[in-house]
1. Show me B:51-60, A:408-417 ranked by packing, highest mean number of other Cβ atoms within 10 Å first.
2. List the pair-distance distribution P(r) of segment A:51-173, using every Cα-Cα distance, as the percent of pairs falling in each 5 Å bin from 0 up to the bin containing the longest distance, rounded to whole percents.
3. Quick one: which of A:Lys10/B:Lys14; A:Lys233/A:Lys418; A:Lys252/B:Lys134; A:Lys425/B:Lys134 span more than 28 angstrom between C-alpha atoms?
4. Tell me the GluC sites (Glu not before Pro) within segment B:8-87 that lie in a loop according to DSSP and have at most 11 other beta-carbon atoms within 10 Å.
5. Looking only at segment B:149-174, which residues have a backbone nitrogen under 19 Å from a spot 7 Å from the Cα of B:Leu198 in the C-beta direction?
6. If I model the protein assembly as shown as equal point scatterers sitting on the Cα atoms and use the Debye formula, what is log10 I(q)/I(0) at q = 0.10, 0.12 Å⁻¹?
7. At most 16 other Cβ atoms within 10 Å and a DSSP loop assignment: could you name the chymotrypsin sites (Phe, Trp or Tyr not before Pro) in segment A:45-133 that fit?
8. How would you rank B:Val103, A:Val86, B:Val200, going from fewest to most other Cβ atoms within 10 Å of each one's own Cβ?
Amino acid sequence: MTKLRPLVEKEVKDLLRDPRVYIGLVVPIIMLPLISLVMSISMRTSLEVATRDLRVALMDLDETEVSGNFESILANLGLKVENINVGTLEAAIGEARSLGCKALLVIPRDFGEDLMDFRRVRVELYAIIDSVGIGSMGLYSAVDAALEGSSKLLSDMLISRLNPNLEAEALREPLDIIRSSVVKDTVIHAPPEAMFGQLVMGYSVLIPMILFILATTLTQLAATATAVENEEKTLETLLTFPVTRYSILMAKLLGSSLVAVLGAVLFTLGFLLYFQGMFTLPGMEDVMGGLFQAIQPPPPESYILLAVSLTLAILFVTSLGIAIGALSSDVRMSNSLLGVVTVPVMIPSFLVMYGELRTLPLALQLLIYALPTSYPMVLAKEMATSTVPIETIYGIPYSAALTFMVLYATSELLAPEKLLTLQYKLSLKRGRKGTSLRELG
Amino acid sequence: MLATEVVEARDLVKRFGELVALGGISFEVKKGEVFGLIGPNGAGKTTALRILATLLLPSAGYVRILGFDVLRDADKIRPVISYLAEDAGTYRNLSGYEYLSIVARIYFNSRTESERATEEAVRISGLGDRIMDKMKTYSKGMKRRVQIARVFMSKPKLAILDEPTSGLDVFHARHVREVIKDYVKEGGTAIISSHNMLEVEHLCSRVAFIHRGRVLDQDEPQAIKERYGVQNLEEAFVEVVGK
């Protein structure tokens with residue numbers, strides 16, 4: 001332990017002071033909230049500017065008192081209505097566009113008569129799209145909201161005319177549906193679509209994504225840290241120190257893990273700030289806001305299971321990274337090997353993140369269950385909505401066995417004789433025989 | 001093995017697949033000696049030193065350091081040796097002081113001892129205040145000084161130095177040679193490799209000519225020069241290899 005501490009200190013200091021590492025750690029915590037802020041400001045501003053002067057062209061083919069009243073209703077609901085008197089639809093659209101209107105509303109002939117006779121009236125709305133920015137989306141929602149509001153007012157008026165004692169709402173929507181969702185044993189007063197938005201974002205995407213980032217960062221960090229030792233020829237010196245190769249391995253595992261966990265914390269914070277910013281966007285507040293508190297946290301035992309499977313996954317990917325780095329004579333070679341090894345390891349992670357595990361073909365399921373990195377993701381995805389999946393419990397001893405096998409193989413690899421000989425052979429394969437012979441002295 | 005022998009290498013063979021890096025070399029290094037392995041690039045010097053440093057295992061033959069076999073007793077050998085690789089690098093993001101302090105804490109269990117060793121290493125490096133700067137700002141010579149300080153801070157019974165002055169300017173090379181001499185004066189033993197034969201002639205008490213994995217001759221520099229009737233070791237080496 002006394003020998004391990006200075007080795008871990010070396011790892012952490014060397015990693016945290018490396019610009020390639022600390023920039024990678026700091027960027028998400030700065031960039032993600034910044035992106036969210038910029039998007040929020042940009043959308044808010046464009047929407048505010050547009051809705052302040054939201055013009056809608058009206059082609060009134062009816063020209064009755066009723067259609068006139070309808071125009072007044074629209075104006076009262078915040079729209080600036082421009083009347084257009086032209087012969088054709090094409091000309092009306094051209095006129096609307098030239099007046100800066102965002103939509104053209106066509107009121108048909110017999111609008112008033114049909115309404116008064118309690119017949120449904122078809123009103124045509126042409127949205128004039130000048131921009132495909134996210135901000136524009138809100139404009140058309142505002143037009144829609146005004147039309148729906150006017151339709152409701154007309155309905156109230158007609159029902160009142162039919163019978164002043166009738167409750168308009170009861171007639172319009174006789175069923176008053178109170179939508180709630182049951183998650184495990186908890187009743188949450190929110191419709192399932194809102195819950196799905198929350199759960200999908202929180203458990204199915206956010207947590208697996210953080211675990212994925214953690215896993216890739218760890219493999220990268222451990223591989224780079226070890227490859228740099230080879231590149232700078234410091235590993236050779238390190239292996240002659242009076243420390244066991246297990247201490248060297250443990251120091252690399254702990255050092256890389258500490259830095260990667262710090263990275264994951266910063267990324268999570270950045271991500272949460274990003275989503276917090278997203279939730280405050282116009283129109284988004286009601287979708288997810290407040291539901292974080294509504295969901296009951298998963299039971300403590302699932303957290304314990306998650307911690308164990310996460311620790312095993314961390315040890316697995318870190319020792320994999322160390323093995324890759326140890327076999328690489330430099331960082332460039334390590335990066336090439338990382339791509340070859342980590343992509344097949346990470347593909348199952350995406351399957352877990354975006355797929356429904358039980359509906360996947362058996363071969364893909366087996367691929368997922370073969371890797372310790374999948375278990376914390378499966379667990380994180382399932383723990384909020386159901387009991388802990390049985391396969392994740394069986395996955396613990398399996399992951400432990402596989403991880404310790406990788407750890408053992410990595411520690412064997414750190415035996416200088418094997419390492420130097422393997423590096424020599426790899427160098428030969430890369431056609432650097434002259435260099436290797438010189439290195440052998 | 002005699003009590004004065006720090007290193008005893010017998011019929012040492014090292015193969016890498018089909019490549020024979022060492023073809024059965026034998027030599028001894030006595031206490032208080034600076035023993036030089038001299039030869040061109042690819043002669044087998046680094047392979048021999050890596051075996052002594054417990055980094056490589058011999059394919060045949062044996063090496064004993066202070067009576068311990070490198071094959072079986074590597075754990076007992078590592079605390080009493082110190083190895084300087086030819087192109088030993090440094091941790092770019094650590095200061096020289098931090099690096100030396102970390103190594104001291106690996107070699108010494110007590111805080112007092114490790115602090116004393118660190119201060120001694122700082123003195124040996126001769127880098128003054130620059131020792132607190134990150135090593136990525138160091139020149140090659142400064143990095144080598146830190147490594148030399150690291151080697152001798154633990155007061156090893158055997159220092160294994162692979163091309164200790166290779167690529168250094170005259171001032172840094174001189175500094176390194178002085179440190180080695182001081183260490184030997186205090187009772188240390190060193191084995192160095194070099195292809196700079198003139199330097200070795202002044203530094204080593206005994207030398208071995210190594211070429212294509214074989215020791216061609218070994219003795220005191222003066223005795224070798226007299227044997228071949230030449231002015232310096234470089235001429236003697238050419239004579240030996242040419243024979």
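Quick note: the coordinates plus some simple rules give every number you see, no bench work behind them. Please read these numbers as outputs of a predicted model, since none were measured by experiment. Quick reminder, even Gly has a Cβ in these numbers, built from the backbone with ideal geometry, and neighbours come from all protein chains shown.
1. Going by the mean number of other Cβ atoms within 10 Å, highest first, we get B:51-60, A:408-417.
2. 2, 11, 20, 22, 19, 13, 8, 5, 2, 0
3. Beyond 28 Å: A:Lys10/B:Lys14; A:Lys425/B:Lys134.
4. B:Glu18
5. Answer for this model: B:163-174.
6. Ignoring solvent entirely, the Cα scatterers give -0.99, -1.23.
7. A:Phe118
8. Starting with the residue having the fewest Cβ neighbours, the order is A:Val86, B:Val200, B:Val103.
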